[in-house]
Every structure is written in structure tokens, then in C-alpha cells.
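One structure, pasted below without further comment.
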Amino acid sequence: MIWKRLLLAAASLLAVAGVAHAVTLRWAAQNDVLTLDPHSQNHATTISILQHAYEPLVRYDKNFQVEPCLATGWQQIGPTQWRFNLRKGVKFHDGSPFTADDVLFSFDRIRQPNGNMQIYVSGINEMKKIDDHTVDFMLAGPNPVMLRNLTIFFIMSRAWADKTKSQNVQNYKDKEETHASRHVNGTGAYLIKSWEPDKRIVLAANSNWWDKREGNATEVIYTPIKADATRVSALLSGDVDLVTDLPTQDVARLRQDPKLKVLDGHENRTIFIGMDQHNNELKYASVKGKNPFKDVRVRRALNMAVDREAIKRVTMRGLSIPGGLMIAPGIHGYEKEIDRIPPFDAEGAKKLLAEAGYPNGFEFTLDCPNNRYVNDEEICQALVGMWARIGLKPKLNAMPFANYIPKILNLDTSAYMLGWGVATFDALYMLQSLARTKTTGADGSFNQGRISDPKLDAMIDAMKTEMDQKKRDALIREALVTVRDRHYYVPLHYQLRPWAMKKNVTTVHRANDAPESRFARVD
Amino acid sequence: MASLARWIRRAWDHDLAWSLRRSPVTVVACFLTLACVGAALFAPWIAPHDPFDLAALNLTDGFTPPAWTEQGQAKFLLGTDDQGRDVLSTILYGARISLGVGLASVLFAAAIGVSLGLLSGYAGGRIDAFIMRIADIQLSFPAILIALLIDGVARVALPTDAHDRIAIPVLILSIGFAGWVQYARTVRGSTLVEKNKEYVQAARVIGRHPVAIMLRHVLPNVMGPVLVIATIHIATAIITEATLSFLGVGVPATRPSLGTLIRVGNDFLFSGEWWITVFPGLALVVLVLSVNLLGDWLRDALNPRLR
């Protein structure tokens with residue numbers, strides 16, 4: 001009896017001591033994750049949380065160069081065959097060892113049609129297990145961006161998936177819940193201890209991690225706070241240590257606060273408007289029997305009527321780079337010379353609409369998220385006003401991202417706002433996802449306007465395998481210019497994404513806007 | 001002419017008018033309420049801009065401070081919001097929606113509450129027990145929760161593209177449903193008293209239909225307290241609407257009510273654009289306070305024990 005009590009006392013002492021040593025990083029951003037399934041949703045916030053727990057074969061270092069992660073090395077052993085040596089002695093959070101089977105299993109899993117992350121393994125036909133720690137990749141052709149793609153190919157434990165019946169990717173569109181959409185078992189630096197939707201996610205450092213954390217945060221509490229003012233107040237009052245998704249209007253003031261610091265950086269993301277260019281009649285518009293967005297003149301008119309400088313100055317308070325391309329500076333393929341914005345010209349736009357047969361404009365609904373991108377709803381409101389001035393009658397339908405994304409994925413839209421970040425830092429990722437004719441796989445995975453241009457498709461398919469850098473760059477350039485000149489999308493701007501934190505927090509700014517807690521120090 | 005003079009004379013000598021004259025606060029409240037209602041009613045004529053005309057909006061006018069400050073412009077007296085809408089005009093139009101929704105939902109709540117209360121009190125027995133238990137259950141929830149619930153269900157049940165069109169009716173229904181209980185309880189109490197009085201028994205003896213007795217005989221005698229509740233309820237309904245809109249489930253952002261304006265402005269409070277939220281907030285305070293003061297006064301004036 002006495003022994004038991006002593007043991008209890010010792011245990012509680014230990015627990016207290018443990019608490020005293022824990023270094024907690026409290027991080028607040030705008031959105032919650034959509035799911036914990038690492039192969040289901042290609043969604044930035046979701047990935048930014050899951051990358052703490054799940055790891056890819058290769059990852060980015062601080063400068064976005066590829067470095068070994070679960071693979072220790074790789075070499076090309078044939079024209080379309082690559083050999084990856086896997087790290088030995090790595091354990092998943094549940095203690096099971098990491099082997100080649102897990103890589104093969106994850107490869108099959110991410111390719112299932114219920115998810116939308118196939119792009120990260122596109123171009124890989126097959127994986128072959130050579131031994132427990134060697135895997136061969138059989139490619140469809142030469143693949144210049146494979147390593148960069150693989151940084152978001154997260155490895156899941158096969159044994160765990162079998163045990164929890166999580167072999168299949170969650171069908172997010174139909175609101176399916178599975179064990180893997182609620183639980184996490186990766187190899188990463190942090191365990192996800194709990195997820196209370198819309199409330200908080202608690203991460204705890206993985207003491208058995210194979211790598212060494214550069215920072216000292218042993219616990220990370222992520223809180224999604226939708227309201228801008230509330231999120232900033234939380235930082236000012238000291239309830240959180242780090243805030244991303246800063247409201248533009250507050251950045252200037254946060255910079256002057258002596259208790260805080262602001263880490264500047266731009267994001268590899270383009271904010272744009274997409275239009276249904278497939279249906280013969282728009283679902284949400286007054287025009288019957290035809291689809292005005294199929295007419296390049298109408299798209300051009302929409303593009304010309306956008307006053308990007310006004311959006312930058314008033315709505316974004318300077319925190320945007322007005323853009324005419326679908327990829328942001330810093331991404332391979334971006335060139336200043338081709339980033340041409342159609343000059344703002346309301347009269348010209350009106351004329352174009354009249355030429356296209358809509359002298360009195362038409363009504364249509366612009367779908368818009370209201371908690372995903374910086375000032376998304378405000379930008380959409382401004383766009384509605386700008387388009388009203390050229391005689392169109394757009395209606396704004398803004399909703400939270402959690403409701404918005406299934407709607408967009410189900411093609412239930414006529415015009416929509418989206419932001420596209422390029423995880424691979426190569427233009428192909430954007431072109432393949434947004435401009436290639438839609439298929440069930442990676443090609444056109446987010447081409448929700450269903451643009452289909454055979455010439456463009458040919459260019460995109462060619463650049464997937466072109467190993468001659470010069471030829472490939474020429475293809476990228478031509479494709480980007482085609483998208484620009486055919487006005488397949490209306491790009492608005494590239495986001496600048498400062499992060500604000502307390503003075504005692506140190507971390508590394510990431511152009512993918514996803515803080516990595518392994519870099520975070522709280523002193 | 002003479003009859004009009006007599007009518008005014010009679011109104012002036014009336015107990016209510018007498019009590020009104022004795023309370024300067026109420027006179028002020030009365031004027032303020034009238035001013036608010038007038039401003040709301042005539043918004044399209046007195047507002048300097050039409051904030052709902054998207055084509056007239058100019059984003060480059062956004063965040064103009066009030067006219068008396070350094071960067072202010074004379075054409076935007078109270079400044080502009082983030083979209084370049086004139087704050088004064090938006091308040092006038094917004095008050096219109098707030099008052100309209102408030103009045104309509106009070107009428108709706110009163111209609112349900114009074115009929116259920118009459119039925120409950122007059123019929124008694126099981127019907128009475130049933131209605132009153134429902135009322136008890138509803139009373140245990142805050143009104144805002146019920147309004148949120150109805151609003152949420154309506155949003156899911158109705159197609160998305162209809163949301164904008166039906167937002168205001170849905171709002172009226174949800175606030176109305178959330179507020180009928182007070183009416184029902186009050187009317188039931190008074191009906192219980194009235195139905196045992198001789199005139200009701202007499203009507204019953206001569207064989208009048210129960211519905212006719214309820215409507216023609218009992219109803220007029222229980223309306224006094226209803227009037228008082230309704231006045232105070234208007235203020236509550238306006239606040240409820242503002243709260244719902246503040247939470248983002250009320251009226252659409254392109255047709256803002258006072259609550260929506262306060263919500264939008266709230267985001268800019270820290271960054272120094274105080275006018276976007278402060279002026280709509282002040283307008284809401286003035287409107288609700290004056291209506292409340294009127295209601296308070298009416299309650300005292302109609303209370304025979306305080307006369």
C-alpha cells in the first residue's frame with residue numbers, strides 16, 4: 001500500500017517536472033485542417049499541420065533545396081529508373097518500423113481517386129521493393145520535378161492502416177470519416193495528440209524522432225481563429241506566441257509593438273478567379289442557352305476591368321504584388337518580362353462585352369471563400385463592384401472554406417476564387433493542376449473551370465518529361481503566355497505573408513506559408 | 001376643423017399624454033425614435049449616396065476618414081468603409097433593414113404568441129398544458145440560440161443560390177419564433193382572469209362561437225400588456241438581428257444592416273479606422289436606447305397601480 005502511494009507520489013513529481021521542462025509554442029492561424037488523412041486533401045493548412053507528423057522521402061531545407069528525409073540517398077540507375085535508399089531504424093509513432101512496404105503502400109494509397117494529391121507522385125508508374133530499405137521508382141519518362149513533387153508524398157504505416165482499416169483514402173467530398181481522417185501515425189518530429197475541430201490541435205514532440213530538432217518547442221498548440229481582430233488580440237494579449245494569416249490592416253501596427261516582431265516574406269501563391277468554360281450553359285447566370293465565359297472576349301473584359309493597384313492599395317494595404325501570371329515570383333518559370341497585367345480599362349472592357357453580344361451585361365454568381373486567403377471576401381466584394389462598373393451584374397456568394405471547397409470540387413460553380421501555392425517551386429505543378437484538361441488523376445486536378453486546350457495540353461505533357469532545361473523553359477514560357485493571353489484565368493495578385501510573433505520566438509519564414517515547428521525556438 | 005381641434009385637445013388631456021409631458025427623458029426618446037424611423041424610411045431620399053449600387057462604388061475611396069479629420073472628404077461626412085461605401089448612407093440604409101426586421105419579427109412573434117396565449121388560456125386543460133410546456137422548454141434556451149438554430153436549419157434546407165433572396169425573411173422568422181413565449185404567457189394569464197368575468201360568461205350563455213368570444217371579447221381586454229411587451233421587444237429584436245448579422249449569419253454583406261456594419265468595422269478597429277464600426281454602433285445604441293425608454297415609459301404609464 002505504502003509502496004503504491006510512494007510510487008504515485010514519485011510519478012506525479014515526475015509529471016510536474018515534465019511540465020516544467022515543456023516548451024510550448026502556441027500558434028494561431030485562420031483555418032482549421034480539413035482532415036488528418038495525409039493523402040486526401042491538397043489543402044495548404046492541412047499540409048502545414050500534417051507535415052509535423054508525417055514525413056516524405058525527401059524534404060526541403062531552409063532554402064527550399066531538396067534534402068534527404070526518409071530516404072538517405074537516391075541515384076538514377078536507368079533512363080526511367082531511380083533507386084531510393086531508405087533510412088534505417090526509423091519508427092512510426094506507434095513503434096512499428098519504417099520499411100519499403102510502407103512506401104509502396106503509401107504510393108498506392110495516394111493514387112486512389114478519392115483523394116486529390118495524386119500530383120505529388122505523378123509521372124511515377126510503379127514502385128518496386130528491392131529489399132526492406134531499397135525501393136526502385138519506375139518512371140513514365142524522364143521527370144525533372146520528381147524530387148520536388150515527393151516533398152508532399154507522406155508515408156503512412158502499412159501495418160497501422162491494416163489494423164485500423166484505413167487502407168482507403170477518405171472520401172472527403174462525401175463527408176466520409178475514417179480512422180485515418182481522425183488519427184495520425186507518422187514518423188515525423190511531432191505527434192498529433194488531439195484534434196478538436198475548429199478549436200485546437202495539440203502536437204507533442206516525438207522523443208524517438210530520427211533527426212534532431214533545431215528548435216526547442218516540445219509542445220505546439222495550434223488554434224484556428226477565424227476572426228481577424230480576435231486573432232490579433234490573442235497575440236497582443238499574450239494568449240498565443242505566433243500568428244500567421246495576419247490581417248493586412250494590422251501589420252503596420254504590429255511592427256510598432258515593442259513586445260512583438262514581424263517576420264517578412266512572400267508566399268509562392270497566386271490568387272485568381274476561375275470561370276466555368278465547359279458547360280454549355282452557366283449554372284448560376286442569367287444567360288440561357290450559352291456560356292459567355294467560353295468567349296475569350298468576355299474573359300478578357302473581366303480581366304481588364306480589375307483594378308489591381310486599387311486592390312493592392314486599399315484592400316491589401318500594400319501587402320500584395322499585382323500579377324498577370326498564374327505563378328508567383330520565385331517559382332521556376334516565372335519571368336518578369338512575361339508577367340504583364342492587362343491595363344485597367346473599364347471602357348475597353350465594356351466595348352468587348354458589347355462585341356461579344358452582351359451590351360447590357362449579364363448576371364452571374366461569384367463564389368468566394370471568406371476565411372481562406374488574405375481578405376478573400378473583401379477582394380471579391382471589390383471585384384463585384386469593378387465588374388458592375390462595366391455593366392455586368394455579379395452576385396457575391398461568400399462562405400467559409402470548409403463549405404466552399406466541396407462545392408468547388410463538385411464543379412458546382414460558375415465563377416470562383418482560388419489561390420494556388422506551388423509546393424514544388426516549379427511552374428509545371430500549376431500548369432498541370434490548373435490548365436491541363438481535367439482527368440481523374442493529377443492532370444487538371446484543380447482545373448475546376450474545365451479549361452481544355454489541346455495545344456496547351458501538349459506543351460504541359462512535353463514539359464513533364466523534357467530533361468533539356470532550355471527546351472523545357474521555353475515550353476513553360478509558352479504555356480504561361482498562352483494561359484495569360486487566352487485569359488483562361490483572371491490572376492489578381494501574389495500574396496505577401498508576414499508572420500507576427502512574440503520577441504522571444506524565433507522561427508524560419510517559409511514561402512509556402514507553413515511554419516515548421518522543428519525550427520521554432522521559444523526562449 | 002373643429003373636430004380635429006377637439007381630437008388634439010382630447011389627446012393632449014389624455015392620461016398618456018399627461019404622463020409623457022411629465023417625463024422629459026421620454027420626450028427626448030420619442031423624438032430620437034421618430035428621427036431614426038424617419039431617417040430609415042426616407043433613406044433613399046436623404047442619404048447622400050446609394051451604398052447598394054455596386055456600379056457607383058469606387059474602391060479607391062476606401063477608408064476615407066470622417067470629413068472633419070485631416071484626410072476627410074466633404075462628400076463622405078462620416079467617412080467610408082473598406083469598399084468605399086459612404087458610412088452615413090450605409091447607416092441610413094442599414095437602420096432601415098434593422099428596423100424593418102425588428103418590427104416584422106415583433107409582429108410575427110406577437111401574432112403567434114397572442115393566438116397561442118389566447119387559445120391556451122381560454123381552452124385550458126391539455127391544450128393549455130401542452131402549449132405552456134413548450135413555452136417552458138423554449139424559455140430555457142436563450143433566444144439567440146433558437147434564432148441561430150432556425151437560421152442554420154433554413155440555410156441547409158434551402159438552396160445556396162436562394163440564400164441572398166431569402167436571408168431577410170428567414171431572419172424575421174427566426175427572431176419571431178425565438179420571441180413568442182413572453183406574449184403567450186402574458187396573454188394566457190390575462191385570459192384566465194377575463195374568461196371568468198361576467199361579460200364572457202354572458203357571451204357564452206347566448207351561444208357565441210368560442211373563437212368569436214376569444215377574438216371579439218377577450219382579445220381587446222388583454223392587449224394592453226401586449227403593447228408594452230411589443231415595444232420593449234422591438235429593441236430586443238433589433239439587437240438580436242444585429243447579433244446574428246455580427247456573427248455573420250444575418251443579412252448578406254452586400255446589403256448590410258447595422259449589425260453587419262459593426263462586424264465589418266470591427267476588423268479595422270485596431271488599425272485606426274475606428275469610424276467604420278463606431279458610427280453604426282452609436283446609431284444602434286441610440287435606436288435601441290430610445291425605443292427601450294419609450295417601452296419603459298409605456299409600461300409605467302399603463303400600469304394602474306403607478307398612476
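The values are calculated or read from the model by the stated rules, or taken from the named source; none is laboratory data. Quick caveat, the model's predicted, so the values are computed rather than measured. With ideal geometry, Cβ positions are generated from the backbone for all residues, glycine too; neighbour counts draw on all protein chains shown. Ligands, DNA and RNA are stripped out before the accessible areas are found, and what is left, the full protein with its side chains, is counted by its heavy atoms. Shrake-Rupley method; radii C 1.70, N 1.55, O 1.52, S 1.80 Å.
Just going by the charge dipole of chain A, with Lys and Arg at +1 and Asp and Glu at -1 on Cβ, which of A:24, A:296, A:156 is farthest out on the positive end?
So the residue we want is A:24.
Turning to a different aspect of this structure: When ranked by the protection proxy of mean other Cβ atoms within 10 Å per residue, highest first, what sequence do the peptides A:438-450, B:97-109 form?
On the way: A:438-450: 18.8, B:97-109: 22.8.
In descending order of packing, they fall as B:97-109, A:438-450.
Once R0 is set to 60 Å, what does the formula 1/(1 + (r/R0)^6) return for the Cβ-Cβ distance between residue B:31 and residue A:138, expressed as a FRET efficiency to the nearest 0.05?
Numbers: r = 84 Å, r/R0 = 1.40.
Using R0 = 60 Å, I get an efficiency of 0.10.
Working from Cα positions, state the angle (0 to 90°, nearest 10) between the long axis of helix A:2-21 and the longest principal axis of chain A.
With both axes taken from Cα atoms, the answer is about 40 degrees.
I would also like to ask the following. How big is the dipole moment of region B:109-178 about its Cα centre under a simple scheme where the beta carbon of each Lys and Arg is +1, that of each Asp and Glu is -1, and everything else is neutral? Debye, nearest 20, please. Working shown, then result.
Working: 4 positive and 5 negative charges, 27 e Å.
My answer is approximately 140 debye.
Expressed in nm to one decimal, what extension gain is obtained for the pair residue B:130 and residue B:157 from 0.36 nm per residue of sequence separation less their Cα-Cα distance?
On the way: separation 27, 0.36 × 27 = 9.72 nm, distance 2.78 nm.
Here the answer is 6.9 nm.
Right, something else. So, for the protein assembly as shown, what is the accessible surface per residue at a probe of 1.4 Å, expressed in square angstrom? The partial results should precede the final answer.
Working: 35660 Å² over 830 residues.
Each residue of the protein assembly as shown exposes 43 Å² on average to a 1.4 Å probe.
State, to one decimal in nm², a quarter of the convex hull surface area for the C-alpha atoms of region A:102-180, i.e. the direction-averaged projected area.
Values: hull surface 22.2 nm².
Here the figure is 5.6 nm², rounded to one decimal.
Sticking with this one: For chain B, what mean projected area does the convex hull of the alpha carbons give, in nm²? Each step should come with its number before you reach the end.
Numbers: hull surface 86.4 nm².
Over all viewing directions, chain B projects a mean Cα-hull area of 21.6 nm².
Using just the C-alpha positions of region A:268-362 as equal point scatterers, what log10 of I(q)/I(0) does the Debye formula give at each q in 0.13 1/Å?
Computed log10 I(q)/I(0) values: -0.56.
Also, I was wondering about something else. Sort region B:121-194 into rounded, prolate or oblate with this rule: let a ≥ b ≥ c be the square roots of the eigenvalues of the Cα gyration tensor; rounded if a/c is under 1.5, and if a/c is not under 1.5, prolate when a/b is larger than b/c, oblate otherwise. The partial results should precede the final answer.
Numbers: a/c = 2.95, a/b = 2.68, b/c = 1.10.
Taking the square roots of the gyration eigenvalues as a ≥ b ≥ c, region B:121-194 is prolate.
What is the sum of charges, Lys and Arg at +1 and Asp and Glu at -1, for the other residues whose Cβ falls under 15 Å from the Cβ of residue A:217? Write down the numbers at each step before the final one.
On the way: positive: A:26, A:193, A:212, A:213, A:502, A:518, A:521; negative: A:211, A:214, A:219, A:241, A:516, A:523.
Net charge in that neighbourhood comes out at +1.
Further question on the same structure: Assigning unit charges at the beta carbon (Lys, Arg +1; Asp, Glu -1) and nothing else, what dipole magnitude in debye, to the nearest 20, does the protein assembly as shown show about its Cα centre? Walk me through the intermediate numbers first.
On the way: 93 positive and 81 negative charges, 379 e Å.
It works out to roughly 1820 debye.
Heads up, I need the accessible area for residue A:219: 1.4 angstrom probe, whole protein in place, Å², nearest 10.
So the heavy atoms of residue A:219 present about 50 Å² to solvent.
Can you check what the net charge comes to around residue A:266, using other residues whose Cβ is under 10 Å from the Cβ of residue A:266 (Lys, Arg +1; Asp, Glu -1)? Working shown, then result.
Numbers: positive: A:269, A:497; negative: A:264, A:267, A:513.
My count for the surroundings of residue A:266 gives -1.
Same structure, new question: Rounding to the nearest 10 and keeping the result within 0 to 90°, find how far the Cα-based axis of helix A:346-355 lies from the longest principal axis of chain A.
Once rounded, the angle reads 70 degrees.
Could you give log10 I(q)/I(0) at q = 0.16 Å⁻¹ for region A:149-208, computed by the Debye formula over C-alpha point scatterers of equal weight, without solvent?
-0.63
What residues qualify as long-range amide H neighbours of residue A:42, i.e. H under 5 Å apart, gap of 5 or more or another chain, H built at 1.01 Å from N?
Distant-sequence amide H within range of residue A:42: A:116.
Stokes-Einstein diffusion coefficient for the protein assembly as shown at 25 °C in a medium of 0.890 mPa s, Rh from the Kirkwood formula over Cα pairs: what value in µm²/s?
On the way: Rh = 30.6 Å.
Taking Rh from Cα pairs, D becomes 80 µm²/s.
Here's a follow-up. How many square angstrom of accessible surface are buried between B and A, both sides summed, with a 1.4 Å probe and rounding to 100? List each step's numbers first, then the result.
Numbers: alone 16690 and 21080 Å², together 35660 Å².
What B and A bury together is about 2100 Å².
On a 0 to 90° scale, report how tilted helix A:469-485 is relative to the longest principal axis of chain A, with both axes built from alpha carbons and the result rounded to the nearest 10.
On a 0 to 90 degree scale, this one is about 50.
A further question on this structure: Dipole of chain A (Lys/Arg Cβ +1, Asp/Glu Cβ -1, origin at the Cα centre): which of A:374, A:361, A:113 lies farthest to the positive side?
So the residue furthest toward the plus end is A:374.
Given charges of +1 on the Cβ of Lys and Arg and -1 on the Cβ of Asp and Glu, with all other atoms neutral, how large is the dipole of region A:142-222 about its Cα centre, in debye to the nearest 20?
Details: 12 positive and 9 negative charges, 17 e Å.
My answer is approximately 80 debye.
Rg and Dmax of region A:337-481, using alpha carbons, in Å: what are they?
17.4, 50
Using packing as a proxy for protection, rank A:206-217, A:181-192, A:425-436, A:101-112 so that the peptide with the highest average count of other Cβ atoms within 10 Å comes first.
On the way: A:206-217: 16.0, A:181-192: 23.3, A:425-436: 25.2, A:101-112: 19.7.
Descending packing order for the listed peptides: A:425-436, A:181-192, A:101-112, A:206-217.
A further question follows. Determine, from the Cβ-Cβ distance of residue B:45 and residue A:506 and an R0 of 60 Å, the FRET efficiency 1/(1 + (r/R0)^6), rounded to the nearest 0.05. Provide the component values of the computation, followed by the final result.
Values: r = 60 Å, r/R0 = 0.99.
Efficiency at R0 = 60 Å is approximately 0.50.
Round to a whole number: what % of the accessible area of the protein assembly as shown belongs to carbon and sulfur, probe 1.4 Å?
Details: 21010 of 35660 Å².
Answer for the protein assembly as shown: carbon and sulfur cover 59 percent of the accessible area.
Which Cα, out of B:206, B:294, B:225, lies furthest along the positive dipole direction of region B:172-307 (beta carbon charges, K/R +1, D/E -1)?
Sorting the options by dipole projection puts first B:206.
Next question. If the label point is 7 Å along Cα→Cβ of residue A:474, which residues in region A:329-343 have backbone nitrogen under 14 Å from it?
The answer is none.
Can you tally the net charge around residue A:391? Count Lys and Arg as +1, Asp and Glu as -1, for every other residue whose Cβ sits under 12 Å from the Cβ of residue A:391. Provide the component values of the computation, followed by the final result.
On the way: positive: A:350, A:351, A:389, A:393; negative: A:347, A:363.
Net local charge, residue A:391 excluded: +2.
Taking each full run of DSSP H in chain B as one helix, which ones are at least 30 Å long along their axis (Cα atoms) and have mean Kyte-Doolittle hydropathy of at least 1.0? Before the final figure, lay out each step's value.
On the way: long enough: B:87-123 (52 Å, 1.62); B:219-246 (39 Å, 1.46); B:275-302 (40 Å, 1.49).
Sorted by number, the helices that extend far enough and score high enough are B:87-123, B:219-246, B:275-302.
Further question: Kindly flag which residue pairs out of A:91/A:173; A:193/A:503; A:288/A:312; A:199/A:261; A:351/A:455; A:193/A:226 have an alpha-carbon separation exceeding 24 Å in this structure. Before the final figure, lay out the partial values.
Details: A:91/A:173 32 Å; A:193/A:503 27 Å; A:288/A:312 35 Å; A:199/A:261 26 Å; A:351/A:455 29 Å; A:193/A:226 22 Å.
Result: A:91/A:173; A:193/A:503; A:288/A:312; A:199/A:261; A:351/A:455 exceed 24 Å.
Which value results for Rg/Rh of region B:200-307 when Rg is the Cα radius of gyration and Rh the Kirkwood radius based on the inverse mean 1/r?
Working: Rg = 21.4 Å, Rh = 17.0 Å.
Answer for region B:200-307: 1.26.
With a ≥ b ≥ c taken as the square roots of the eigenvalues of the C-alpha gyration tensor of region A:469-510, please select rounded if a/c is under 1.5 and otherwise prolate if a/b is larger than b/c or oblate if it is not?
On the way: a/c = 8.85, a/b = 2.18, b/c = 4.07.
Oblate is the answer for region A:469-510, as a/c is 1.5 or above yet b/c matches or exceeds a/b.
Let me understand region A:321-386 better: what is its radius of gyration from the alpha carbons, and its Dmax, in angstrom?
Gyration radius and largest Cα-Cα distance of region A:321-386: 15.4, 42 Å.
Mind ordering A:299-305, A:73-79 by average Cβ neighbours within 10 Å, highest first?
In descending order of packing, they fall as A:299-305, A:73-79.
Partner chain Cβ atoms within 10 Å, averaged over the residues of B:263-273 - can you pull that number for me?
Values: counts 2, 3, 1, 4, 10, 5, 4, 10, 12, 4, 1.
That works out to 5 on average.
Which whole number gives the average, over all residues in A:361-368, of C-beta atoms from other chains lying within 10 Å of the residue C-beta? Working shown, then result.
On the way: counts 1, 0, 0, 0, 3, 0, 2, 0.
Per residue, the number of nearby Cβ atoms from other chains is 1 on average.
Give the list, by residue number, of cysteines in the protein assembly as shown with no other Cys Cβ closer than 4.7 Å, or say none.
A:69, B:30, B:36
Okay, next question. Have a look at region B:1-93 and give its Rg and Dmax from the Cα atoms, expressed in angstrom.
When restricted to Cα atoms, region B:1-93 yields Rg and Dmax of 20.3, 59 Å.
Lysines near residue A:283 by alpha-carbon distance under 16 Å, same-chain residues fewer than 8 away left out - which ones?
A:294, A:393, A:395, A:407
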